[in-house]
Amino acid sequence: MQITPVAEVLASEGLSDPVLSALEPNHNNYTVLLMQPRGQIEASTAGVRNRDRELARRQFARILPDAQHTQADLVITPEYSFPWETLVAAIKEGTVPGQGKLWALGCESIKYNELETLKQDLAPFATVLYEPLQPDPTRFTDPLAYVFVAPPIAGSGAATLVVLVQFKTHPMGDDDHFEIKGLQLGTRIYQFGSIGRTIRLVSLICSDAFAFLDPEAGVTYDRALIVHVQLNPAPRQTQFRQYRDRLFTFAGDQTELICVNWARNVCEWCGEHEKPWNNIAASAWYLKSKQFDDRDATLCANHRRGLYYTWLDSLCSHALFFNYEPATYLLEATKVAHIGVPGPISRRRGPQLTKTSVWNDAATAWIEQVAAEDGFAAIVGESDHAKDEIERIAEGNPLEAERVLALCAGKVGHGDDWHRVQRLDSCVIDLSEVVRRITFAQDTDPRARDFRTAMLRRCGRLWDVLKTDHRLPPALADFKQGFRFKWSPDFPHQNAISSNGQRATVIYMGEDFSASRSEETAKTVAECLHRGFANSGDSRLAKQRLAVWFRDGHDNITLCDPHRYVQIDQTNDTSEFDIARET
């Protein structure tokens, strides 16, 4: 793998490096248009391409006019997706990027000799450039086509439309050695921009990630936008993820990754044999910006349109996953780096999803979808009688619903900031990148499904406890007149409120926790309540309205120490823990 500056390639053609809007390190935002296509593919000795040729032609023919209409600064489609005949037709018709725009199109397979023919065909309209390879009619290439406008050197002559083709450099492994036997490899990874003056952009084609090692990461990570296009049944498999580990272990926060895969449930055809992949999509945007906008209003607006927040704890990074369904996504994002930007306006808040569009075959167009289906409606019934209540909260704010569910289950960790999205149990992901978000329920990994089911069921059982009058302690007697679940940033450690407006913290630990573990959770939450109120009277009342139930070894639902905070001779104004204990 050779990282080759685009400027060097263009200079031999009498062209200058383009000034790309997405890579200028100023305060202006830039727009990105991504396509996550439906996966009906066919694989043969000619390579990989869309099986339904007519549908692919219609869908991909529309995304480029949409890119022009929205003036997208960066357009990305995944590996093996864009039909060459559609791109050629668009270029001949004048559907091309404007000055400062870059299209990074993962294209269907093409043989090297076919690419040379295409180059001659497009010569009147564009300059087609690619790494010279030895022609091999028995093998196919896996190409990424960069389409952009390049100015002439020294300003003489006219600007030129360029199609710069990058070939995959490392084959994918599979049982049949499909790419190992059939793929003709390149050696070059092209780099837009230059260190010190602009943001840099490089792209990896799927298993190129295997060859992106520490030396490559070391010369790439700083002020860099890395695009990873894939047709991948296992996008979070360890070896595919390792390049992200390498990039994000360096100091600094000026590295961002955009991963674009096909939609979930790809079907692969070899002749007449169909092979369902049953895959997730896992298209995602990763970044480390310290100024990231993690306000609920921002994250919930993204959520409604189909972009879901998680915190990749081991790499201290924000990871936002796209909805797994086929769609196009239009985003506005802050630059990867700001150079020479005044501090008061230099806020790198991350990507904001402004428009999600789904294919309408009758209209032959990508039509805006107001709200994406996040999968929550299909699982919320696990909360049984609490279903309507949890749905109501999620409709207003999905993150508030997850905080309520966390409190209902006692998932508060050991800090009073447990409710921040970087600490919230359901939002945190580990290196496996299994997404346990409850209100984004498309991840099919058993660990994600089991977590969501357990949280919802415990909430449902808590609801039934609260609806059973004789189980309520005296401090919660007002719940007999009615209550609802509620979370507020002003009262972050309380998750319920009675009909007369009195807040409380109610928890059901379930069958899997002992009395001592339940007591530990009760103390932790009480300490959060103690710290959460400046007034000692308010703190005392909040702790008195804390109730933690568990199911004991005799299958009895038991209230943990119901008299702890209501003794007449106790002020309850002190910490739950010894001063030497770290909480």
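Here is a yes/no grid of residues against (1) closer than 27 Å to Trp103 by Cα; (2) among the acidic types (Asp, Glu); (3) touching a Gly at 6+ places or on another chain (Cβ under 9 Å); (4) in contact (Cβ under 8 Å) with a residue 40 or more places away in the chain:
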residue: Asp222; (1), (2), (3), (4): yes, yes, yes, no
residue: Arg246; (1), (2), (3), (4): yes, no, yes, no
residue: Phe250; (1), (2), (3), (4): no, no, yes, no
residue: Leu257; (1), (2), (3), (4): yes, no, no, no
residue: Glu268; (1), (2), (3), (4): yes, yes, yes, yes
residue: Glu274; (1), (2), (3), (4): no, yes, no, no
residue: Tyr286; (1), (2), (3), (4): yes, no, no, yes
residue: Ala301; (1), (2), (3), (4): yes, no, no, yes
residue: Leu312; (1), (2), (3), (4): no, no, no, yes
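Considering only residues of region 97-134 that are in contact with a strand residue (DSSP E or B) (Cβ under 7 Å, 6 or more places away or on another chain) and of a type in the set (Val, Ile, Thr), which is surrounded by the fewest Cβ atoms within 10 Å (Cβ to Cβ)?
Here the residue is Thr127.
Going residue by residue through region 159-169, is there one that turns out to be surrounded by 20 or more Cβ atoms within 10 Å (Cβ to Cβ), free of Cβ contacts under 8 Å to residues at least 40 places away in the same chain and in a helix (DSSP H, G or I)?
no
Can you tell me how many residues within region 246-296 are closer than 23 Å to Cys427 by Cα and either hydroxyl-bearing (Ser, Thr, Tyr) or not in a loop (DSSP other than H, G, I, E, B) (or both)?
17
Within region 475-515, restricting attention to residues that are assigned to a loop (DSSP other than H, G, I, E, B), at pLDDT 95 or above and small (Gly, Ala, Ser), which residue is nearest to Trp463 (Cα to Cα)?
The extreme case among them is Gly482.
Considering every residue within region 404-419, establish whether at least one is basic (Lys, Arg), closer than 27 Å to Glu527 by Cβ, out of contact with any His (no Cβ under 7 Å at 6 or more places or on another chain) and in a loop (DSSP other than H, G, I, E, B).
Scanning region 404-419, I find at least one residue that is basic (Lys, Arg), closer than 27 Å to Glu527 by Cβ, out of contact with any His (no Cβ under 7 Å at 6 or more places or on another chain) and in a loop (DSSP other than H, G, I, E, B), so the answer is yes.
All but one of (1) surrounded by fewer than 22 Cβ atoms within 10 Å (Cβ to Cβ); (2) under 36 Å from the mean Cα position of the chain (by Cα); (3) within 30 Å of Phe376 (Cα to Cα); (4) in contact (Cβ under 8 Å) with a residue 40 or more places away in the chain hold for Gln502; state the number of the condition that does not hold.
Single failed check for Gln502: (2).
Does Arg452 meet the test of being assigned to a helix (DSSP H, G or I), crowded, with 23+ Cβ neighbours inside 10 Å and out of contact with any Asp or Glu (no Cβ under 8 Å at 6 or more places or on another chain)?
No; evaluated as a whole, the condition is false for this residue.
Determine which single condition Val75 fails, assuming it passes every other condition in (1) touching a helix residue (DSSP H, G or I) at 6+ places or on another chain (Cβ under 8 Å); (2) assigned to a helix (DSSP H, G or I); (3) β-branched (Val, Ile, Thr).
Here Val75 clears every test but (2).
The values are calculated or read from the model by the stated rules, or taken from the named source; none is laboratory data. All figures in this text were calculated on a predicted structure; none of them were measured in a lab. Counting neighbours? That spans all protein chains shown, and the Cβs are built from the backbone with ideal geometry, glycine included.
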